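The values are calculated or read from the model by the stated rules, or taken from the named source; none is laboratory data. These numbers come from a predicted model, not from an experiment. With ideal geometry, Cβ positions are generated from the backbone for all residues, glycine too; neighbour counts draw on all protein chains shown.
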Amino acid sequence: MHLLPCTLACASSLVPRSLYLCAMKEFLKDLFSSQSYDEENFFLIAGPCVVESEDLVMEVAEKVSGICKNLGIPYIFKASYRKANRTSGTSFTGIGDEAALEIVNKAGLKFQLPTTSDIHAHDEAGIAANYVDVLQIPAFLCRQTDLLIAAAETGKIINVKKGQFLSGEAMKFAVDKIRNAGNNKIILTERGTTFGYQDLVVDYRNIPLMMAHGTPVVMDVTHSLQQPNQTTGVTGGNPQMIATIAKAAVAAGADGLFIETHPNPRVAKSDGANMLKLDLLENLLKQLVKIRKAVAE
């Protein structure tokens, strides 16, 4: 299939949706160089919300990497080393930054996977860059100039989540900040838009709109189903809609998917209300691969 440049494909509503699919960026090819995969497939960022223990991280990394290898999906392992944004001050935040980063790095080495984790302040960028391949910028922090510049200066791939309060077009300024700091290895992630006080909605127009910035675009499936600001102090979720959000994103031409998964979300220490149960992931990915192939025809 001939692929138009993202900026051209997204500029016209007359271009068929399938042509939004863009050739994989060179920095992603480098990232996935140790993996065997179908280059026309979407890539996957997946793992537990936060590092709870080494056993959990290894279980999820082994299971997901095996599934992705069988389905030809390039895979980035994800787990936060610390959760800095929690509704309640009593919520679990992590086992310790260095200990958690070492576990994420260990999983990447053991299963030959690139890894990612989110950072929250400019002085964390250099530290995290010693352990992970992709630095993730949380949605609430996507406008923090010093954070974006510090992340860019590490030379790592930077995945910026679109703020729930921003349009896809407005993410241009986050991209510009990173590029002006000398880094062109940028991914943008859609993760829903604020709808009232306690819900999010997904506007799929943001996928081609953010592709127009010349970056790969990921759909954060599970965080888009959060129900924030609950009076219980614990964020709610709507995980029964995970398949719906993911299927629509693949059909809309998303380059990648972000799915947090856990063997038992009910006992997860963070985001259990919207994570996908690990044993449901394989069947969902099989369905998504079929949709991707149909879109690419």
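Worth a mention:
- Residue match in the range 132-142 (condition: more than 19 Å from F32 (Cβ to Cβ), without any contact (Cβ under 8 Å) to a residue 40 or more places away in the chain and in contact with a Cys (Cβ under 6 Å, 6 or more places away or on another chain)): no
- Cβ-Cβ contacts under 9 Å between residues 6 or more apart (or on different chains), taken from a first residue in the range 200-213 that is within 18 Å of D176 (Cα to Cα) to a second residue that is among the hydroxyl-bearing types (S, T, Y) and surrounded by fewer than 21 Cβ atoms within 10 Å (Cβ to Cβ), are listed as N206/S167; N206/T193; L209/S167; M211/T7; A212/T7; H213/T7.
- Residues satisfying the stated conditions in the range 60-78, i.e. more than 16 Å from P48 (Cα to Cα), of a type in the set (A, V, I, L, M) and within 15 Å of the chain's Cα centre (by Cα): I73
- Lone qualifier among M210, M219 - being modelled with pLDDT of 95 or more, over 14 Å from the mean Cα position of the chain (by Cα) and either surrounded by 18 or more Cβ atoms within 10 Å (Cβ to Cβ) or within 21 Å of M275 (Cβ to Cβ) (or both): M210
- Take the conditions (1) within 24 Å of T244 (Cβ to Cβ); (2) touching a residue at least 12 places away in the same chain (Cβ under 8 Å); G196 misses just one of them, which is (2).
- Just so you know, in the range 37-59 the residues that are without any contact (Cβ under 8 Å) to a residue 60 or more places away in the chain and of a type outside the set (D, E) include one that is surrounded by the fewest Cβ atoms within 10 Å (Cβ to Cβ), and it is S53.
- Leading residue by the ranking (farthest from Q227 (Cα to Cα)) among those in the range 250-276 that are among the charged types (D, E, K, R) and within 17 Å of the chain's Cα centre (by Cα): D255
- Of the residues contained in the range 222-239, one or more are found to be more than 14 Å from the chain's Cα centre (by Cα), surrounded by 16 or more Cβ atoms within 10 Å (Cβ to Cβ), in a loop (DSSP other than H, G, I, E, B) and free of Cβ contacts under 8 Å to residues at least 60 places away in the same chain.
- The range 35-146 holds helices (runs of 4 or more DSSP H) entirely within its bounds, and those carrying 2 or more residues that are of a type in the set (K, R) map to 54-71, 97-111.
Every residue, every condition in (1) more than 29 Å from T194 (Cα to Cα); (2) touching a residue at least 24 places away in the same chain (Cβ under 8 Å); (3) buried (at least 20 other Cβ atoms within 10 Å of the Cβ), yes or no:
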residue: N105; (1), (2), (3): yes, yes, no
residue: K110; (1), (2), (3): yes, yes, no
residue: P114; (1), (2), (3): yes, yes, yes
residue: Q144; (1), (2), (3): no, no, no
residue: I149; (1), (2), (3): no, yes, no
residue: K161; (1), (2), (3): no, yes, yes
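- The single condition from (1) more than 19 Å from A46 (Cα to Cα); (2) part of a loop (DSSP other than H, G, I, E, B) that G253 fails is (1).
Listed here are the residues, each with its yes/no results for (1) more than 16 Å from the chain's Cα centre (by Cα); (2) within 25 Å of I76 (Cα to Cα).
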{"site": "I157", "(1), (2)": "no, yes"}
{"site": "I178", "(1), (2)": "yes, yes"}
{"site": "E190", "(1), (2)": "no, yes"}
{"site": "F195", "(1), (2)": "yes, no"}
